Amino acid sequence: MDFAVVTAYLPLEEILPIAQAADRLGYRSLTVADHVVDLEQLSTPYPYEASGERRWSHDVDWPDPWVVFAAAGAVTEKLRFVTSIYVAALRSPYQVAKSVGTAAALTGGRVSLGIGVGWCAEEFDLLEQDFASRGRRTDEALALVRDLWTPGWTEREGEFYPTPRLTMRPTPPGPIPVIVGGLSPIALRRAARHDGWIGDIASTDEALATAAELRRLREELGTTPPAGGRFEVVTALTDAFLPEHFDRAAAGGVTECMVQPWVYYSGFAATLEQKLEGLERFAAEVIEPLRAAA
């Protein structure tokens with residue numbers, strides 16, 4: 001089992017110290033969430049809460065993930081960087097390919113593109129992107145960006161993004177994993193076609209059921225192993241606290257768990273010092289015993 005430190009809702013100035021601590025302590029990844037803006041009034045319900053209300057207040061930071069990853073990559077050595085998730089359909093795929101590819105080049109290939117189709121219709125309207133076609137545009141864009149990350153010329157036909165012969169540099173140092181978010185049957189099938197799935201918050205039983213469904217879909221689709229050989233199943237677990245809890249999740253196919261370890265010990269209002277202490281304590285009490293037993 002690997003662990004990813006979640007930076008959602010953190011003050012911007014805390015992210016780099018947390019990244020450095022995570023790198024030193026053996027966490028695998030750092031995740032950054034994505035919204036371009038946070039609109040005051042929405043008609044679209046937030047899909048991950050039964051109430052439809054957003055989880056955050058309007059004073060939280062939403063930094064650009066790829067800027068954060070470039071900065072964090074400069075002060076870390078092994079830590080990977082994952083978007084959880086990036087709404088690619090809000091942008092031109094050429095800009096997505098450029099930003100992600102540049103971050104990969106600057107970090108030595110330590111980035112993964114976690115994507116979702118998005119849920120906020122008003123944000124799509126503001127950025128002048130069609131909401132209704134976001135799924136089809138995402139599928140076409142993902143095929144295009146993979147080509148743009150490959151050395152040499154790219155030329156493609158397409159419903160949304162017909163591409164004349166062109167090249168894009170810098171070229172990433174290797175394949176960039178694409179892991180897909182969402183719980184709908186379409187989203188899970190999309191994830192099965194790519195390099196992994198990234199979830200929200202779930203119980204262990206719910207996560208294991210999703211992992212099993214993803215295995216079934218990959219067998220049905222006959223998909224080949226991803227670059228690096230491991231299909232990623234990444235989620236946050238509501239009922240895992242001890243090494244044996246995470247070991248059970250790993251045995252059922254969860255490859256990486258997203259955590260904010262300080263919450264276990266100091267709550268959501270932890271100071272930066274308490275967050276760093278929480279990272280260290282979780283590494284000693286959970287990560288190291290799991291690795292020793294492996």
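What follows draws every value from the coordinates through simple rules; no lab data is involved. Quick caveat, the model's predicted, so the values are computed rather than measured. Positions of Cβ are generated from backbone atoms using ideal geometry, with glycine treated the same way; all protein chains shown enter the neighbour counts.
Could you tell me how many degrees, from 0 to 90 and to the nearest 10, lie between the Cα long axis of helix 134-148 and the main elongation axis, the longest principal axis, of the Cα atoms of the chain?
90 degrees
Return the loop-located trypsin sites (Lys or Arg not before Pro) in the stretch 71-136 (DSSP other than H, G, I, E, B) with at most 13 other Cβ atoms within 10 Å of their own Cβ; answer none if there are none.
Details: sites: Lys78, Arg80, Arg91, Lys98, Arg110, Arg134, Arg136; in loops: Lys78, Arg91, Arg110.
Passing sites in the stretch 71-136 are Lys78.
Please list, in chain and number order, the residues 5+ apart from Asp2 or on another chain whose amide H is under 5 Å from its amide H, with Hs placed from the backbone.
Glu256, Cys257
Which whole-number percent gives the relative contact order of the stretch 208-294, counting Cα pairs below 8 Å spaced six or more residues apart?
27 percent
Please give the helix 65-74 orientation as an angle from the longest Cα principal axis of the chain, in degrees from 0 to 90, rounded to the nearest 10.
The angle comes out near 60 degrees.
With the dipole of the chain worked out from charges on the C-beta (+1 for Lys and Arg, -1 for Asp and Glu) around the Cα centre, which of Pro63, Tyr161, Gly116 lies farthest toward the positive end?
Checking the options against the dipole of the chain, the answer is Tyr161.
Pairs of Cα atoms under 8 Å, at least six residues apart: use those to get the relative contact order of the stretch 1-176, whole percent. Intermediate values should be presented prior to the final figure.
Details: 268 pairs, mean separation 37.2, N = 176.
Over the stretch 1-176, the number comes to 21 percent.
For the Cα atoms of the chain, what angle does the longest principal axis make with the long axis of helix 93-106, in degrees from 0 to 90, nearest 10?
Around 50 degrees separate the two axes.
Charges on Cβ only, +1 for Lys and Arg, -1 for Asp and Glu, centred on the Cα centroid of the chain; of Phe131, Gly199, Ala141, which one is farthest towards the dipole's positive end?
Farthest towards the positive pole: Ala141.
Helix-only mean residue ellipticity at 222 nm, the chain, DSSP H runs n ≥ 4 weighted -39,500 (n - 2.57), per residue, nearest 500. What is it? Write down the numbers at each step before the final one.
On the way: 11 runs with 117 residues, N = 294.
That calculation yields -12000 deg cm²/dmol at 222 nm.
Could you list Phe268, Phe241, Phe124 so that the one with the fewest beta carbons within 10 Å of its beta carbon is first and the one with the most is last?
The fewest-first ordering by Cβ neighbours comes to Phe268, Phe241, Phe124.
What is the dipole size for the chain, taken about its Cα centre, with +1 at each Lys and Arg Cβ and -1 at each Asp and Glu Cβ, in debye to the nearest 20?
For this selection, approximately 1140 debye.
Does the stretch 1-176 come out rounded, prolate or oblate, given a ≥ b ≥ c as the square roots of the eigenvalues of its C-alpha gyration tensor, rounded meaning a/c under 1.5 and, failing that, prolate meaning a/b above b/c?
It comes out oblate by the Cα gyration axes.
Please report the equivalent ellipsoid semi-axes of the chain, computed as sqrt(5 x eigenvalue) of the Cα gyration tensor, largest first, in whole Å.
So the three semi-axes of the chain are 29, 22, 21 Å.
From Cα pairs below 8 angstrom and at least 6 apart in sequence, can you work out the relative contact order of the chain, rounded to a whole percent?
18 percent
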